[in-house]
Amino acid sequence: MLPRLATKTVPPQEGLMHNKLLPLLTVIALIARIVCAQVAPDTAEPGSVEEIARATTEGRFLSPWVSYLPASAGVTSPRAFLHRIPGAPGELVNSATAYAYCRALAASSPRVRFFTIGRSEEGRDIVLLAIADEAGIRDLEHLKAATAALADARKTDPAAADRIIATARPIYYINAGLHSDESGSTESVLELAYRLAVSEQPMIRRIRASVVVLINPVANPDGRDKQVEWFYRYLKGKTDQASLPRQAPPYWSRYAFVDINRDAHQQVHETTKAVYRMLFEWYPQVIHDLHESVALLMTWNGTNPINQHVDPLTYAERLELSFHEVQTLTGFGMPGVWTWNFGDDWAHLYLDSIATNHNADGRGYETFGNGSAETMRTEQPGEETSVEWYRPLPAPAQASFLWSARDNVNYNETALLAALDDTAQQAKTLLNNFYLKGLHSYRKGLDQPPYGFLIPAEQGDPPRVAQLVARLLSLGIEVHRATSALTLKEGSWPAGTYVVRLDQPYRDYAVDLLTDQHYPKDAPEAYDDVSWSFPAHYHLAVIPTADPEVRAAPLAPLAQPPHVTGTVSGAGPVFLLKDSGQEGLLEARYTLAKFRVGLAERAFSVADTEYPAGSWILAPQPGLAAALRDAATKLGLDFASAAAVPDVARHETPVPRLGVWVPWADTDTSGWARYTLDQRHIPYSYVRDEDIRAGKLREKYDVLVYPHVDLELAEQIEGLHKAWGPMPFKKTSSTPSFGTPASSDDITGGIGYGGLAELQKFLDAGGLLITLGSGSMLPLEAGLVRGVRREAGGTPRSTQGGGVAAAAAAQNAETRTPGAHVRVSFARPDHPIAYGYGMRTWVFRQNFPLYSIPRRYLRMAYCTVCLDGPIDRSGIVLEWGDRDGAPFVVSGQAWGEENLIGRAAILDLPAGKGHVIAFNFNPLHRDLNRGDQRLLWNAIINWRAILAAP
Ligand SMILES: [Zn+2]
């Protein structure tokens, strides 16, 4: 579709190429001449044309649609409010001012309504603007009810859908400012909101009359404010990109950094919860998330492989909308607008995927920007400048142009207007498709197996079953509970079994989450995880049924997440807790911190009950019975009485003083570890680089956990570049948002070699260091433990979406498990880390370094009598691969696994009087792989027994 507004293409050679020889006033005059003709029927706000022209570096980076601000007699413009245009050089609006403007806009325009949809971790509001014509704003409740009715084909038959669509409007949700250093989107949508509210251009009148536009101007206000303060403190006035200091603060929220957009399946972050609240209130047809990372505007669509549990109409709609944007902006002569080749379309776990997984369209832009609001000559990656079928007019070649914050606004806003125009013109089609997608999903549940999933309530860890069910409910997936015994053709299940019937609108999403993934072996490297199967993540049995009779079974819908209550049977004096793999045992241990808890080192039986190794033995202690009743109620654990302490080898498990080291150079994945511990109410100390450097670690901690970090060894030691220091991150009058969740006088310099020596002293003095994922590089490669060598062929980084470049790099690696569930076997089934698991299980693995099997010692230099020492497998607790030969991959995909099988997944190596437990995977991946967590909890609970071993 062509843009309906009269446009004039400005080819670069005729236009306003940035040219030092061209006097500034000439540039302004030329731009003004071009755009003034486009303004009618609007009147330009006096001065706005010149100000926008001055902030735009080249004429080809501007469209007539956004080359002026429409004047309005009664409605407050962002320029009047901010005393500058959005995207003015060297300025960024913080959340309070952005919200103040939104309130002023809503107060002055009958076409705008202001809502609050959430509150951030640090207590800032998360807000939403709704924009439509006066009739639309008056009818918002009716319009919301219409899309809600279209979302559920069980309640709305096709004839009723037709009647509803006749008066309904598509709802288009725009999400700005999620990644805080991608700072231009907030500026862009403030101006977009005003333009939509006041412009009388035919195109915009049509958008107002046909669409409800929702704008979340600051999706993550905590990060926005930290970023804005960071800009003014460290970046303002600096225009040489090569010499810029770090462009982002160490935190964007309490727990997250870039990963804040990766929790569509788990709803961890408040920003995500707010979008879900919006989803189930408004039932939008599009969720559009604004990012900045590539030149000059990439409108998201993925390459193969695509996810087959997403309706084909969604892919078709997303491509149509994107090519409309490419066409429109290319028509304006704006270079560098493209689509398609930005990673795969396999995993839908991003914030925009909330739409894709719910029969709507998840969309996104990557524009050119990042961090600074200053105008700079930027470095330009080469591959974005080639002509391709999906990029007909690429960005200018490397380092040939200046780029400004306003250029970024021009691209964002013009493309969003094109998308909204396209939406308005096909409003009824998009609504009908939305209805059809829900209908297709529901009909599949009626017409083809599986017809449902059965989730037995009484599996090894009933609270974890409840957690899985709660997560499904929060995602909008309906779950029932059998009110009597179920007999289906696959077998029988008792009353209380959870049942996910698939005759529901989000059937496709339920199937996607509850079955394993099979990423094609011949496909390119994925952008993120290739597996997210909930049964694999939770280590739970979820059974598909091909019996349509499941629909006729006696089932009651679950309205609330279930809570499992445990029991304490008998009056003691001894109590036993059977270890059946409960994830809650770490929390239970800390809940019972003041009591002595012995753990059996061998299986035993009492009164015909078998207790495996790892089961708890609680000797008589004052107040124990009451404390156990509390723990049982809260944590869903069952304690049984015994007359006497059973005669079995056991060890005591005093709770350790726990430290979690979070390096300033990468707080993102450590954030997930902290989140998980906080959810379990585990007390721990947040250990900063400077706390490591300060030493005396053994006096403060028994166990130090070093989570996975996306850093190579040198970065793990040396941290952020010292040349940038001192770089304080603490609360001051000019940086009131700094200093949370941790504060520092200087975040540069890492732990340094002095800190590394302190870690060695910690081990020498008998501490337990537990390292996860790439955190294991530090002890293994810096020599805190010996005998293991890093080998070629592993990809050292996890999958945090590096796009084309990362994919190309990863393709060269031989062994890859980019976020897959793969099998492991216990090499030492008697080790405390094995408690609660069978001999063989599986874990979730991203791409981590490949290490040799340990040897007694490694060759120091080449000579005929000083070769590597003999292989010593005694430190291998868990190894990659299934010793009985089951296929390596449970869900996802792996490449080159033959290099991995038999090597260590978990090492326990002595160091001084201490030990290092090194994981070659991350058991705390984004609060997803809950079935893996016990491996880490076991190491923490049994720290003393691990240290006592030779
Ligand atoms: Zn981003």
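Apply 1/(1 + (r/R0)^6) to the Cβ-Cβ distance of Ala100 and Glu383, taking R0 = 45 Å, and write down the FRET efficiency to the nearest 0.05. Given R0 = 45 Å and the Cβ-Cβ separation, E is 0.60. Put Asp422, Asp608 in order of accessible area, highest first, and with a 1.4 Å probe you get Asp608, Asp422. For region 330-383, the fraction of C-alpha pairs farther apart than 13 angstrom is 74 percent.
In the neighborhood of Lys489, defined by Cβ-to-Cβ distances under 15 Å, what is the net charge if each Lys or Arg adds +1 and each Asp or Glu adds -1? For residues surrounding Lys489, the net value is -2. With a ≥ b ≥ c taken as the square roots of the eigenvalues of the C-alpha gyration tensor of region 895-940, please select rounded if a/c is under 1.5 and otherwise prolate if a/b is larger than b/c or oblate if it is not? Note, shape of region 895-940 comes out oblate. Note on Thr609/Arg873: beta-carbon distance plugged into 1/(1 + (r/R0)^6) with R0 of 30 Å gives a FRET efficiency of 0.30.
Extending 7 Å from Cα along the Cβ direction at Asp830 and again at Glu122 yields two label points whose distance is 5.2 nm.
Sorting Tyr519, Tyr862 by solvent-accessible area of protein heavy atoms yields Tyr862, Tyr519, largest first, with a 1.4 Å probe. Counting only residues at least eight positions apart within a chain, or on another chain, the lysines with an alpha carbon under 20 Å from that of Lys634 are Lys578, Lys594. Rounded to the nearest 10 degrees, what's the angle between the helix 752-764 long axis and the longest principal axis of the chain, both from Cα atoms, 0 to 90? That works out to roughly 20 degrees. Here the peptides 433-444, 621-632 are ranked by packing, the mean other Cβ count within 10 Å, and the order with the highest first is 433-444, 621-632.
Secondary structure note: in region 599-686, about 75% of the DSSP beta bridges are antiparallel. Using R0 = 22 Å, the C-beta based FRET efficiency linking Lys428 and Ala145 works out to 0.80.
Taking a ≥ b ≥ c as the square roots of the Cα gyration tensor eigenvalues, region 513-631 comes out prolate, since a/c reaches at least 1.5 and a/b is larger than b/c. Any idea what angle helix 427-447 forms with the longest principal axis of the chain, computed on alpha-carbon atoms, 0 to 90 degrees, nearest 10? Helix 427-447 sits at roughly 30 degrees to that axis. Coupling constants for region 355-364 follow from the phi torsions by the Karplus curve (6.51 cos²θ - 1.76 cosθ + 1.60, θ = phi - 60°), and in residue order they are 6, 4, 7, 10, 6, 10, 10, x, 10, x Hz; glycine and proline get x. Sorting 737-745, 571-579 by average packing, meaning the other beta carbons within 10 Å per residue, from highest down gives 571-579, 737-745.
The simple spin-label model puts a point 7 Å past each Cα toward its Cβ; for Arg856 and Lys913 those points are separated by 2.7 nm.
Taking label points 7 Å from Cα along the Cα-to-Cβ direction, Ala945 and Leu402 give a separation of 6.8 nm.
Against the compact-protein benchmark of 2.2 N^0.38 Å, the Cα-based radius of gyration of the chain scales to 0.99. If the chain linking Lys155 and Ala107 were pulled fully straight, counting 0.36 nm for each residue of separation and taking away their Cα-Cα distance, it would gain 13.6 nm.
Go ahead and collect, in residue order, the members of region 208-245 whose backbone nitrogen is under 19 Å from a label point 7 Å along the Cα-Cβ direction of Ala40. Taking a point 7 Å out along Cα→Cβ of Ala40, no residue of region 208-245 has its backbone N under 19 Å. Solvent-accessible surface of the chain, averaged per residue with a 1.4 angstrom probe and all protein chains in place: 34 square angstrom.
The trypsin sites (Lys or Arg not before Pro) of region 479-545 that DSSP puts in a loop, and whose beta carbon has at most 15 other beta carbons within 10 Å, are Lys489, Lys521. Residue separation of Ala73 and Ala886 scaled by 0.36 nm, minus their Cα-Cα distance, works out to 285.4 nm of gained length.
Label reach from Val645 (point 7 Å along Cα→C-beta): in region 566-598, amide nitrogens under 13 Å belong to 574-575, 596-598. Pairing the Cα long axis of helix 184-198 with the longest principal axis of the chain, what angle in degrees results, from 0 to 90 and rounded to the nearest 10? Tilt of helix 184-198: around 50 degrees.
Does region 39-114 come out rounded, prolate or oblate by the C-alpha gyration tensor, with a ≥ b ≥ c the root eigenvalues, rounded set by a/c under 1.5 and, if not, prolate when a/b is larger than b/c and oblate if not? The shape class here is oblate. Subtracting the Cα-Cα distance of Thr732 and Arg551 from 0.36 nm times their residue separation leaves 59.1 nm of extension gain. Of the solvent-accessible surface of the chain, computed with a 1.4 Å probe and all protein chains present, 54% belongs to carbon and sulfur.
The values are calculated or read from the model by the stated rules, or taken from the named source; none is laboratory data. None of the values given here were measured: they were computed from a predicted structure. FYI the Cβ positions are ideal-geometry reconstructions off the backbone, even for glycines, and counts take in every protein chain you see. SASA here: full protein model, heavy atoms, side chains in, ligands and nucleic acids out. Shrake-Rupley method; radii C 1.70, N 1.55, O 1.52, S 1.80 Å.
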